[in-house]
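Student: Dropping the structure in here first, questions after.
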Amino acid sequence: MSSKSRPGAGQRIGERSFRCGEGTGTAAAMHSVHLRGDDYRPERAVFVHDVVELAVARWREADEGIWEVRSGRRHYVFSKLMAWIGLDSAIRILDRHPGHARGPELRRRWERERDEIRAEIERRGVDPATGAFVQEFDGVAPDATALQAILRGFVAPDDPRAAATVDLIDAELTRDGHVYRYHGGDGLKGEEGSFVLCTLWLASALACLGRTEEAEQRLGLVLDCANDLGLLAEEYDPVTHSQLGNFPQGFSHLGVVAAAYVIEVCKRQDGAGGPSGVAEDYLDKLARVRRSAA
């Protein structure tokens, strides 16, 4: 294990699971079912209906958000965004399998709820002064989860709010290119490092905006933090140059795969072609590690 890694370091006092709203789980569940395509058995139709109805009943509630803060429940934009994604995916599922709908009114009702969520996000989840998506309704503080509005297709890359969100997060939540989840009190003691997955979200969002060179630079920044085995932690401290928190962290590595994929797709769309160069270098490094261990 490299000296750059400190497993468990940066663990903050009081970390445990809090309820983070119905939207996040709904989005994940519906997206998974949607990706299953035609494998849609009756029991899945019951599951979809029950999960979506729970989200419909509860998306207006405040919650602790994906980051599970301890400073009180709020109306987090990300939670509402995930509820919107869940409903949008569920409607797409119904369109592919109309025979499983519980009456003709069901789709119309889900569509009304989805559109209401979008309207609320656009009305209360965007700072009028910057044009960027923010952390919570009627707030101005940035949050790295706002990048998901771009990555999940809530807004198109050429929507002015997309660039405004990227620029706000880059200006206010980064240090030496590494992205922090948010700033401000969250009810926990201690400080934390930048969040590796959030830096990778920014890399992906930059690629979506056509800024692929910047995206490659951010991806390379993360990969340079990996230890001698190519492993990444949950967080990184750009001051001490140490990996912090859970190690190795699966989400960080999934973020690398996602960012490399998005960069390659966007480069091809722009006519640049070819995979991410920094990702190729990283794979070469892993191959050398495997050969030396054989």
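The values are calculated or read from the model by the stated rules, or taken from the named source; none is laboratory data. Because the structure is a prediction, the values reported are computed rather than measured. Ideal geometry is used to build each Cβ from the backbone, glycine not excepted, and the neighbour counts take in all protein chains shown. SASA here: full protein model, heavy atoms, side chains in, ligands and nucleic acids out. Shrake-Rupley method; radii C 1.70, N 1.55, O 1.52, S 1.80 Å.
Student: Using a 1.4 Å probe, what is the accessible area per residue for segment 160-294, in Å²? The partial results should precede the final answer.
Tutor: Numbers: 6230 Å² over 135 residues.
Using a 1.4 Å probe on heavy atoms only, each residue of segment 160-294 averages 46 Å².
Student: Considering only protein heavy atoms, what is the solvent-accessible area of residue 180 at a probe of 1.4 Å, reported in Å² to the nearest 10?
Tutor: Per-residue accessible area (residue 180): approximately 30 Å².
Student: OK, next. Is the C-alpha gyration tensor of segment 145-294 telling us rounded, prolate or oblate? Criteria: a/c under 1.5 is rounded; beyond that, a/b larger than b/c is prolate, otherwise oblate.
Tutor: Working: a/c = 2.22, a/b = 1.07, b/c = 2.08.
Oblate, because a/c is 1.5 or more while a/b does not exceed b/c.
Student: May I ask you to derive the FRET efficiency for residue 283 and residue 92 from their Cβ-Cβ distance with R0 = 30 Å, giving the value to the nearest 0.05?
Tutor: Working: r = 34 Å, r/R0 = 1.14.
E(calc), rounded to 0.05, equals 0.30.
Student: Right, another one. Please work out the ratio of the alpha-carbon Rg of segment 55-201 to 2.2 N^0.38 Å and round it to two decimals.
Tutor: Working: Rg = 16.6 Å, N = 147, 2.2 N^0.38 = 14.7 Å.
Dividing the Cα radius of gyration by 2.2 N^0.38 Å gives 1.13.
Student: Let me ask another. With the other protein chains left in place, how much accessible area per residue, in square angstrom, belongs to segment 42-100 at a 1.4 angstrom probe?
Tutor: Values: 2390 Å² over 59 residues.
Normalised by residue count, the accessible surface of segment 42-100 is 40 Å².
Student: How far, in nm, would the chain grow between residue 73 and residue 138 when pulled straight, counting 0.36 nm per residue and subtracting the alpha carbon separation? Don't jump to the answer; show the numbers that get you there.
Tutor: Working: separation 65, 0.36 × 65 = 23.40 nm, distance 1.41 nm.
Result: 22.0 nm gained on full extension.
Student: In segment 38-184, carbon and sulfur make up what percent of the accessible area (probe 1.4 Å)? Let's see the in-between values first.
Tutor: On the way: 3270 of 6540 Å².
The value for segment 38-184 is 50 percent carbon and sulfur by accessible area.
Student: Expressed as a whole percent, how much of the Cα-Cα distance distribution for segment 226-292 exceeds 17 Å?
Tutor: Details: 1156 of 2211 pairs.
Cα-Cα pairs of segment 226-292 separated by over 17 Å account for 52 percent.
Student: For segment 190-234, what class follows from the C-alpha gyration tensor (a ≥ b ≥ c being the square roots of its eigenvalues): rounded when a/c is under 1.5, otherwise prolate if a/b is larger than b/c, else oblate? Mind showing how you got there, number by number?
Tutor: Details: a/c = 3.07, a/b = 1.50, b/c = 2.05.
Verdict is oblate for segment 190-234.
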